Amino acid sequence: MFGTGTLFLDMFRDIRRTSLLEGFPDYVAHEARAVEIRLFELGIIPGLLQTPEYAAAVTMGAVRRGNITQEQADERLTFIAERQARLVRHPAPLIHAVLDESCIRRPVGGPAVMAAQLDQLIAFAELPHTVLQVAPYDIEERRSFDLPVNILTLPDRSLVAYAESALQGHLERGSDAVVPVLTAYHQLQAEALSQTASVAVIQQVRKELQ
């Protein structure tokens, strides 16, 4: 169906075990073959950019709150690593990530974990197929989104958008629904800091952890 063979079946089995949100199995199947990936996140570093230690801290927080079991936590960590590994391919997809400033300022896992995560973001920005921007607090109501949003461009140039709240995920495939989301994403890019300025902010936050 998605041109990924047994890959999709493996991913679906993993996702079903970890009890992730509705719509995410379809999204990840598309993500595995996307040529462009656009991300916007609030409050937490996106899974594709997380270090293992940061991902473990986030997941263990969910265990301590009773949201998931330890077994589900282990499966989620494995799944995040598999998603990241599937994007290491040739040609690599363009990944454009816009992070709300809260993502880099919210402490997760303690200073050492957070410092390593910020170092990872700086390294990510240096890759030839990536763009990293920070949406600063001072853009205020000009920020386009109040929820995390992912937009994929597939090999045939069709678009898929995925958005989620704490309780629900929703996948959109129709251009009538996705194009306005892409337009809002471009508006967000225009309001966000440049990559150079974004890296400078991340470096400053990193220094504050020392």
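Stretch Gln204-Gln120 to full length: gain in nm at 0.36 nm per residue minus the Cα-Cα span? Can you show the working numbers first?
Working: separation 84, 0.36 × 84 = 30.24 nm, distance 1.43 nm.
So the chain would gain 28.8 nm between Gln204 and Gln120.
Whole-Å semi-axes of the range 111-163's equivalent ellipsoid, largest first, each the root of 5 times a Cα gyration tensor eigenvalue?
Values: eigenvalues 120, 76, 24 Å².
For the range 111-163, the ellipsoid semi-axes come out as 24, 20, 11 Å.
Show that you can apply the helix-only estimate: for the chain, add -39,500 (n - 2.57) for every DSSP H stretch of four or more residues, divide by all residues, and state [θ] at 222 nm to the nearest 500. Walk me through the numbers on the way to the answer.
On the way: 8 runs with 102 residues, N = 210.
Helix-only estimate at 222 nm: -15500 deg cm²/dmol.
How large is the charge dipole for the chain, taken about the Cα centre, if only the Cβ atoms of Lys, Arg (+1) and Asp, Glu (-1) carry charge, to the nearest 20 debye? Walk me through the intermediate numbers first.
Values: 19 positive and 26 negative charges, 70 e Å.
Dipole magnitude for the chain comes out near 340 debye.
What list of ³J(HN,Hα) couplings, whole Hz, do you get for the range 28-33 from phi and the Karplus terms 6.51, -1.76, 1.60, once you set θ to phi - 60° and write x for glycine and proline?
Here the 3J(HN,Hα) series is 5, 4, 5, 4, 5, 10 Hz.
Provide the percentage of antiparallel DSSP beta bridges, counting only those with both residues in the chain; round to the nearest 5. Write out the running numbers ahead of the final one.
Details: 14 of 26 bridges.
Roughly 55 percent of the beta bridges in the chain run antiparallel, per DSSP.
Could you work out which residue, out of Ala81, Ala115, Ala190, moves most in a Gaussian network model of the chain, that is, has the largest mean-square fluctuation with Cα springs under 10 Å?
Ala190
For the range 109-124, take each phi angle, set θ = phi - 60°, evaluate the Karplus expression 6.51 cos²θ - 1.76 cosθ + 1.60, and give the result in whole Hz per residue in order, putting x for glycine and proline.
For the range 109-124, the Karplus-derived couplings read x, x, x, 5, 5, 5, 4, 5, 5, 5, 4, 4, 5, 4, 5, 4 Hz, x marking Gly and Pro.
So what J values fall out for the range 63-73 if you push phi through Karplus, 6.51 cos²θ - 1.76 cosθ + 1.60 with θ = phi - 60°, rounded to Hz, Gly and Pro as x?
Karplus values, whole Hz, x for Gly and Pro: 5, 5, 7, x, 6, 9, 8, 4, 4, 5, 4.
Lys/Arg Cβ at +1, Asp/Glu Cβ at -1, dipole of the chain taken about the Cα centre: which of Val108, Phe40, Gly169 is farthest positive-ward?
Farthest towards the positive pole: Val108.
State, to one decimal in nm², a quarter of the convex hull surface area for the C-alpha atoms of the range 54-210, i.e. the direction-averaged projected area.
Reported value for the Cα convex hull: 10.5 nm².
Under the definition of Cα pairs under 8 Å and six or more residues apart, what whole-number percent is the relative contact order of the range 6-208?
Values: 304 pairs, mean separation 56.6, N = 203.
The value is 28 percent.
Read-outs: derived from the displayed coordinates by stated rules, not from any lab. From a predicted model like this one, the values you see are computed outputs, not experimental measurements. We place every Cβ from the backbone using ideal geometry, glycine too, and count neighbours over all the protein chains shown.
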